[in-house]
Amino acid sequence: MTVSANRGEGPPNIFLFLCEKPGMATERYNPRTSEPRWQKAWEEARLFETSNEDERPTYYVLEMFPYPSGRIHIGHTRNYTMGDVVARYKRAKGFNVLHPMGWDAFGMPAENAAMQNKVQPKEWTYQTIAVMRDQLKMMGLSLDWSREFATCDVDYYHRQQMLFLDFHEKGLVTRKTSKVNWDPVDRTVLANEQVIDGRGWRSGALVESRELAQWFFKITDYSEDLLEALDGLEGWPEKVRLMQRNWIGRSEGLSIRWPLVEDTAPHGEQELEVYTTRPDTIFGASFMAIAADHPLARKAAEGNAELAAFVEECRRVGTSAAVLETAEKKGFDTGIRVRHPFDPEWTLPVYVANFVLMEYGTGAIFGCPSGDQRDLDFARKYGLPVVPVVMPEGADAATFQIADEAYSDDGVMINSRFLDGLSNDEAFEEVAKQLEHETLSGRPVAERKVNFRLRDWGISRQRYWGCPIPMIHCDACGVVPVPKEDLPVKLPDDIDFEKPGNPLDRHPTWRHVKCPQCSADARRETDTMDTFVDSSWYFVRFTAPHAETPTERDVANRWLPVDQYIGGIEHAILHLLYSRFFTRGMRETGHLDFAEPFKGLFTQGMVVHETYRAEDGRWLAPSEVRIDTSGEGRKAFEVATGREVTVGSLEKMSKSKKNTVSPEEITESFGADTARWFMLSDSPPDRDVEWTDDGAAGAHRFIQRVWRLVGEAAPAIADVTPAAARDGGAAPISKAAHKALKVVEEDIEQLAFNRAIARIHQLANELQAPFGTLAEADRATRSAAREAVEILIHLIAPFMPHLAEECWAAIGGEGLVSASAWPQYDPALVVDDLIVLPVQINGKKRGDLTIAREADQAAVEKAVLALDFVQKALNGASPRRVIVVPNRIVNVVA
RNA sequence: GCGGGUGUGGCGGAACUGGUAGACGCGACGGAUUCAAAAUCCGUUUCUGGUGACAGAGUGUCGGUUCGAGUCCGACCACCCGCACCA
């Protein structure tokens, strides 16, 4: 019977067993005393402080910096451990490694905490950072803390304001009105993600769609560049590149101007411009649809109360995706008619439709029901004609019909006059060619146009805890930039959070300034920047964190792009796209000389845990649950009540489901090395890993095993110099070590940490038996053993640095293993002289052949045919074929 | 709807460009050590049949290419993720 305590009673008290048996040399490894000692040793040696003057080749490894939300959680731990393994490995390989850490410290949670706890956001944030910094330090990460900063440091946002002004000067910043989600209770703009079912996520108020003057970065100037450069980002996951491609959303089409029928048009309006990617379907058009915000819709609504009501209704529905998704497709006939560009006699109605977006294309479309499902639904609803114009190749034009499903694939043109019989691609060209040459009031009727889905980046937030936008509003001079010498625009510290809305607006003095141009009374911009701005260049700042200017150009050029960036897939689009834009902007403004910030990108999986739920629906934390495996299957019981609880699915660790295990719980019981080792074991790093107590215990078991292996070998290898054994009885020891060294190296280079760990396990297994008799072994064997132990220690060092140091010290190694060079494997030792070839008969494995590695094909064939089981299978006949794949396999075809 | 990914023992997962399927770990079972336990060590562990050597089956399903398929091709099924009134 096994009843395992699942956290509730605390971890098994392993520290009581400092000495296992009287007379036995090896004590158990005690991470609680060992880990802090080595952390201190590293710090005193300033081992991880990186110098910009170091001449060696650079390697920049960076993990996405954390938001100081309260405590480090286990997901952070996994992320930073991965980066740390790479950093420590590259350092051992002789690179000058930059591995910094900082804090993405502006944002709403600090304001929320301020409102709830009556502390200033600044105070709360720095307190939180202090706690989290200590937690990170417990992990034994090889970080250069001398470069640490938080984005809310005045020093940092000062330089960000400098960048903003430079961007502004270069024309990369613009101010325009745009539609936003406005929460009327909290009196602030909400991001789309913050609108849930049309309501503000905090206030629960119905969100309004409002027009507001906002600051924007002109990321769309770079649409084409940002898209094309994705092809060159070979160190990025294809998935992320694809997501960015889709997000940028390039499409090629035609912008076509349709003349309005004079007596139906509002005064002064003569034409309607639409964008289409399918000009080939122009003879299938049966209606025009325009956005509710389209100028023509507004004008038409002026004299039409019913239409005005419809337009108002569309606007109220809001802009959030969730609302749009469920809204029924509706239209309203404006009474306006347009003439077909190829046939002045043919007129089509203009509808205002709730599914047309003002933000994309021209805010107007022509509807071709036969070729677009949405248009088809619309046409059926309002009784509009449906004329098929493209049919699949081989279909019969006379009988081809559209019923409930539109045909949007490629095909052959029908019912399209001069286009009939062409492919739809040819028809596209033909329509474009003709309309480009026709004119309407002196200009071409149509123009080829490339459209992007990407929109400019709105950075205005009506918040306090963010980087102030360094602009001033003057009644006389308009919007005036704050002169650089007046920077930084500092956030005030005395802030009142009693009322909703932006506290900067209400501050008694902060916003009142003199206009830098005319010295009249003027007002500061009270919007602050989106926190994504802060994270769009922090990786550059790390290269010269104390510089007066935002960057030191040469230093930035030397370190960047980041060789290996590691973080969550959730940032695949926004953060990474913004950073790519920002880097381009910084190049434009002379702060650096490259376009792409991240050469290698790795997106790691989440840490997940089972969920537990009591009968009454309460979520239970792992520490409140006892797991019982004594009966049939696993059962879980609530510790407090003894009642059985439901074991639920694996979920990302979250407070709401209480399925969290904190990094402290682990480090305090098993130590940081166990957490690090377990986190990278088993699951590939880009997939989710399930945190289990058994797994953690297993990782800790391995630590003790390595410690014992090294400790027991130590006396026998103390007085020998390390040397590989090429032949003789000790050769297997050296071969095992060198093979492992080669493979682990390759695995780490590929970030295949789970495979590297499996290989290290294997090496420990292979050393186990020969090390049992080491005390009586000859000198050559002990030399080989010493070398193997040193290799083993180097292999575990990136993963379990504390244990590695302790082992290094135990064998009398010189200095710190964290500061020593990676060993080199001997190519002669990673190949075997004798190889075992599997032998197949008709593709099924029937046995093995052991033969010299150099044996040629003929020799192999001869040896194979001489094998008992082969002769038996052939039964005297000669084989039809013998396939010998050198050093791989032999297949005899009978 | 569009785009992408994944599917291998009881579980997490290995398997480089087609070449011994199941490395390594977890769990389980058996044994050693112990007065007993903890810890540790040794062994077994894809399934079916057989005491056994061995035989047969087996990488979501069906089919194909090949001397040989987890890997390549075609169709399908399931799950996961991203985007989505994009004209």
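Data for the structure
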{"quantity": "Any hit, the stretch A:192-209, residues being among the basic types (Lys, Arg) and at pLDDT 75 or above", "calculated": "no"}
{"quantity": "Count of the stretch A:518-548 residues which are of a type outside the set (A, V, I, L, M) and assigned to a helix (DSSP H, G or I)", "calculated": "6"}
{"quantity": "Options A:THR439, A:THR526, A:THR509; residue that is crowded, with 18+ Cβ neighbours inside 10 Å and of a type in the set (S, T, N, Q)", "calculated": "A:THR526"}
{"quantity": "Condition check for A:GLU690: in contact with a strand residue (DSSP E or B) (Cβ under 9 Å, 6 or more places away or on another chain) and near RNA strand B (Cβ under 10 Å from one of its atoms)", "calculated": "yes"}
{"quantity": "Residue count, the stretch A:501-519 (criterion: farther than 15 Å from A:LEU491 by Cβ and under 38 Å from the mean Cα position of the chain (by Cα))", "calculated": "1"}
{"quantity": "Some residue of the stretch A:827-850 being more than 16 Å from RNA strand B (Cβ to nearest atom) and under 44 Å from the mean Cα position of the chain (by Cα)", "calculated": "yes"}
{"quantity": "Every residue from the stretch A:449-468 that is under 19 Å from A:ASP530 (Cβ atoms) and either surrounded by fewer than 16 Cβ atoms within 10 Å (Cβ to Cβ) or in contact with a strand residue (DSSP E or B) (Cβ under 6 Å, 6 or more places away or on another chain) (or both)", "calculated": "A:ARG455, A:ASP456, A:TRP457, A:GLY458, A:ILE459, A:SER460, A:ARG461, A:GLN462, A:ARG463, A:GLY466, A:CYS467, A:PRO468"}
{"quantity": "Only listed residue being more than 26 Å from the chain's Cα centre (by Cα) and of a type in the set (Val, Ile, Thr), chosen from A:VAL85, A:VAL119, A:VAL97, A:VAL131", "calculated": "A:VAL119"}
{"quantity": "Residue match in the stretch A:650-668 (condition: within 16 Å of RNA strand B (Cβ to nearest atom), under 20 Å from A:ARG28 (Cα atoms) and open to solvent by less than 20 Å² (accessible area, probe 1.4 Å))", "calculated": "yes"}
{"quantity": "A:ASN754 within 15 Å of RNA strand B (Cβ to nearest atom), surrounded by fewer than 21 Cβ atoms within 10 Å (Cβ to Cβ), touching a residue at least 60 places away in the same chain (Cβ under 8 Å) and within 30 Å of A:GLN604 (Cα to Cα)", "calculated": "yes"}
{"quantity": "Number of the exception - A:ASP280 against (1) touching a Phe, Trp or Tyr at 6+ places or on another chain (Cβ under 8 Å); (2) at pLDDT 90 or above; (3) under 14 Å from A:VAL352 (Cβ atoms)", "calculated": "(3)"}
{"quantity": "Hits in the stretch A:409-434 - residues which are buried (at least 16 other Cβ atoms within 10 Å of the Cβ) and within 43 Å of the chain's Cα centre (by Cα)", "calculated": "A:GLY411, A:VAL412, A:SER423, A:ASN424, A:ALA427, A:PHE428, A:VAL431, A:ALA432"}
{"quantity": "Hits in the stretch A:635-688 - residues which are farther than 14 Å from A:HIS76 by Cβ and basic (Lys, Arg)", "calculated": "A:LYS635, A:ARG643, A:LYS655, A:LYS657, A:LYS658, A:ARG687"}
{"quantity": "Condition broken by A:ALA113, with the remaining ones in (1) part of a helix (DSSP H, G or I); (2) open to solvent by 20 Å² or more (accessible area, probe 1.4 Å); (3) out of contact with any Leu (no Cβ under 8 Å at 6 or more places or on another chain) satisfied", "calculated": "(2)"}
{"quantity": "Matching residues, the stretch A:552-577, being within 14 Å of RNA strand B (Cβ to nearest atom) and under 23 Å from A:PHE217 (Cα atoms)", "calculated": "A:GLU570, A:HIS571, A:ALA572, A:ILE573, A:LEU574, A:HIS575, A:LEU576, A:LEU577"}
{"quantity": "Test set (1) free of Cβ contacts under 8 Å to residues at least 40 places away in the same chain; (2) assigned to a helix (DSSP H, G or I) - A:GLY75 fails condition number", "calculated": "(1)"}
{"quantity": "Helices (runs of 4 or more DSSP H) lying entirely in the stretch A:768-881 (those with 3 or more residues that are out of contact with any helix residue (DSSP H, G or I) (no Cβ under 6 Å at 6 or more places or on another chain) and open to solvent by 20 Å² or more (accessible area, probe 1.4 Å))", "calculated": "A:779-796, A:857-865, A:868-874"}
{"quantity": "Sole exception among (1) at pLDDT 95 or above; (2) part of a loop (DSSP other than H, G, I, E, B) for A:VAL119, by number", "calculated": "(1)"}
{"quantity": "Verdict on A:ALA556 being out of contact with any strand residue (DSSP E or B) (no Cβ under 6 Å at 6 or more places or on another chain), aliphatic (A, V, I, L, M) and crowded, with 22+ Cβ neighbours inside 10 Å", "calculated": "yes"}
{"quantity": "Cβ-Cβ under 9 Å pairs, at least 6 apart or on other chains, the stretch A:343-372 side in contact (Cβ under 8 Å) with a residue 40 or more places away in the chain and over 30 Å from A:SER178 (Cα atoms), far side of a type in the set (Phe, Trp, Tyr) and near RNA strand B (Cβ under 8 Å from one of its atoms)", "calculated": "A:LEU348/A:PHE366"}
{"quantity": "Meets criteria (touching a Lys or Arg at 6+ places or on another chain (Cβ under 8 Å), within 16 Å of RNA strand B (Cβ to nearest atom) and farther than 20 Å from A:GLY729 by Cα) for A:PHE799", "calculated": "yes"}
{"quantity": "Among (1) away from RNA strand B (no atom under 16 Å from the Cβ); (2) modelled with pLDDT of 90 or more; (3) surrounded by fewer than 17 Cβ atoms within 10 Å (Cβ to Cβ), the one test that A:HIS591 misses", "calculated": "(3)"}
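The values are calculated or read from the model by the stated rules, or taken from the named source; none is laboratory data. Predicted model, so just to flag it, every value in this text is computed and none were measured. Positions of Cβ are generated from backbone atoms using ideal geometry, with glycine treated the same way; all protein chains shown enter the neighbour counts. Note: areas computed on protein heavy atoms with side chains; ligands, DNA, RNA excluded. Shrake-Rupley method; radii C 1.70, N 1.55, O 1.52, S 1.80 Å.
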